[in-house]
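Here is the structure we will look at, set down as structure tokens.
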Amino acid sequence: MGGTPNVFRDPFVASPLTVREYRASDADAWEGFVERCADATFFHRVGWREILEEEFRHKTYYLIAERGKSLAGVLPLAQVKSRLFGHSLVSLPFGVYGGPAADDEETAIALSNAAEALGRDLGVDHVELRNRTPLRADWAQSDLYVTFRKTLLADVEANLLAVPRKQRAMIRKGAKNGLTAQIDAGVNRFFALYADNMHRHGTPPFSRGYFERLLAIFGDACEIQTVVDARGTPVSGVMSFYFRDEVLPYYAGDTNEARDLAANDYKYWELMRRACERGVRIFDYGRSKRTTGSFSFKKNWGFEPAPLAYEYRLLAKSALPQNNPLNPKYQAMIAVWRKLPRGVVNALGPHIVRGLG
């Protein structure tokens with residue numbers, strides 16, 4: 001880990017707990033721990049390490065906590081260096097969740113202490129933990145994001161009836177418009193929809209190769225669903241992640257026609273229906289920023305927002321980072337980006353978005 005020692009020892013932990021750097025031989029043990037740890041999420045899976053290093057060229061620092069020879073916790077971290085967006089150590093870039101996944105709070109605190117020590121050694125502006133629940137009351141907090149999670153009922157029809165009436169009408173409208181949902185083996189149709197959506201919103205897109213890498217690394221745990229209209233034209237799509245008994249629709253895209261066709265409403269219902277049939281218990285609608293259209297859309301489905309506990313150890317700066325579209329200083333950039341040709345934004349976007357994390 002650069003100039004850091006290979007073993008961190010937390011002086012406040014009385015039990016024999018050590019934190020060390022991940023080794024290639026740890027891959028199976030890491031995955032096994034993530035599978036069983038209640039705190040772990042899809043973003044704790046070890047496959048993200050390869051994606052972050054090879055697709056985004058971010059240096060990763062995956063930490064393992066051990067009690068004797070037993071694995072007690074993990075913390076995936078990546079260093080993000082950008083002239084535009086700053087220098088940080090994050091768990092986990094491009095993920096909505098992260099932070100320590102541990103057997104107990106003592107281990108989680110030790111991992112966060114190790115992250116802070118590493119951040120100081122690297123000279124980052126801040127260390128960021130994207131926790132689902134609070135861990136460090138002594139770190140700076142952000143309440144910008146919420147998540148929407150709901151337990152699915154065992155019966156498909158019962159889940160449909162649980163959707164609020166107005167939203168249920170939109171699902172039925174999509175079906176009456178002749179929409180159908182298909183599972184794609186490749187990314188081509190999805191990427192076209194995703195890139196179109198990102199361009200309209202003035203946001204730099206990821207590369208096609210990133211989505212191909214997600215499919216290659218995570219296999220059946222990564223799924224693409226495309227909604228087509230009555231003529232077979234793709235109008236909306238979503239890439240979802242499956243983890244244990246949960247499904248998380250994560251990347252999405254659509255055409256201008258999707259709204260009138262109720263394609264997005266139909267898309268998420270079809271994902272929910274398929275998840276129910278395959279025995280999935282939790283539908284995770286992911287994170288949204290408060291007071292946004294995405295926030296309102298998810299509430300319309302009867303999902304209640306729960307605050308996310310994003311925590312920051314500020315090291316070189318005293319203010320929380322504001323690298324999101326709600327920051328007024330980015331509004332002019334967004335307006336210009338919308339006017340650029342599609343080929344230009346698809347080429348330049350991946351070079352910009354890698355610094356956002």
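Looking at the structure I just gave you, is I109 closer than 30 Å to Y61 by Cβ, open to solvent by 30 Å² or more (accessible area, probe 1.4 Å), aliphatic (A, V, I, L, M) and at pLDDT 95 or above? Answer is yes for this residue. Contact map, the range 143-156: residues that are farther than 20 Å from G95 by Cβ and open to solvent by 80 Å² or more (accessible area, probe 1.4 Å) paired with residues that are of a type in the set (G, A, S) and not in a strand (DSSP E or B), Cβ distance under 8 Å, separation 6+ or inter-chain. Pairs shown: L153/A162. With respect to I109, determine if the residue is under 24 Å from P204 (Cα atoms), assigned to a helix (DSSP H, G or I) and either of a type in the set (V, I, T) or touching a residue at least 60 places away in the same chain (Cβ under 8 Å) (or both). Answer is no for this residue.
Checking each residue in the range 164-194 for being closer than 18 Å to R259 by Cβ and under 23 Å from the mean Cα position of the chain (by Cα) picks out A192, L193, Y194. For the range 207-221, a residue qualifies if it is open to solvent by 20 Å² or more (accessible area, probe 1.4 Å), within 27 Å of E257 (Cβ to Cβ) and under 17 Å from the mean Cα position of the chain (by Cα), and the qualifying residues are S207, E212, L215.
Among the residues of the range 175-194, those that are of a type in the set (A, V, I, L, M) and surrounded by 19 or more Cβ atoms within 10 Å (Cβ to Cβ) comprise L179, A181, V187, L193. S296 meets the conditions (1) at pLDDT 95 or above; (2) closer than 14 Å to M170 by Cβ in every case but one. The failed one is (1). Residues that are loosely packed, with under 14 Cβ neighbours inside 10 Å, touching a strand residue (DSSP E or B) at 6+ places or on another chain (Cβ under 9 Å) and either of a type in the set (S, T, N, Q) or not in a strand (DSSP E or B) (or both) occur in the range 222-234; there is at least one. Here the condition is being of a type in the set (D, E) and in contact with a Phe, Trp or Tyr (Cβ under 8 Å, 6 or more places away or on another chain); of D184, D103, it holds for D184 alone.
Return the residue satisfying two criteria in turn: it lies in the range 136-167 and is hydrophobic (A, V, I, L, M, F, W, C) and in a strand (DSSP E or B), and of such residues it is farthest from G119 (Cα to Cα).
F148
Quick one: in the range 28-53, of everything that is small (G, A, S) and not in a helix (DSSP H, G or I), which residue is most open to solvent (accessible area, probe 1.4 Å)? By that ranking, first place goes to A38. For the range 299-324, the candidate set comprises residues that are within 21 Å of D125 (Cβ to Cβ) and open to solvent by 60 Å² or more (accessible area, probe 1.4 Å); within that set, the residue that is modelled with the lowest pLDDT is Q322.
Conditions (1) in a helix (DSSP H, G or I); (2) farther than 28 Å from E157 by Cβ; (3) at pLDDT below 95; (4) out of contact with any Ser or Thr (no Cβ under 6 Å at 6 or more places or on another chain), marked per residue:
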{"position": "P205", "(1), (2), (3), (4)": "no, yes, yes, yes"}
{"position": "G219", "(1), (2), (3), (4)": "yes, yes, no, yes"}
{"position": "D260", "(1), (2), (3), (4)": "yes, no, no, yes"}
{"position": "Y268", "(1), (2), (3), (4)": "yes, no, no, yes"}
{"position": "R273", "(1), (2), (3), (4)": "yes, no, no, yes"}
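Condition check for T291 on (1) surrounded by fewer than 22 Cβ atoms within 10 Å (Cβ to Cβ); (2) under 19 Å from the mean Cα position of the chain (by Cα); (3) within 23 Å of L144 (Cβ to Cβ): one failure, at (2). The combined condition, being over 24 Å from the mean Cα position of the chain (by Cα) and open to solvent by 20 Å² or more (accessible area, probe 1.4 Å), is not fulfilled by T255.
The values are calculated or read from the model by the stated rules, or taken from the named source; none is laboratory data. Everything numeric in this text was worked out from a predicted model, so none of it was measured. With ideal geometry, Cβ positions are generated from the backbone for all residues, glycine too; neighbour counts draw on all protein chains shown. Each accessible area value is taken on the protein alone, full model and side chains, heavy atoms only, with ligands, DNA and RNA left out. Shrake-Rupley method; radii C 1.70, N 1.55, O 1.52, S 1.80 Å.
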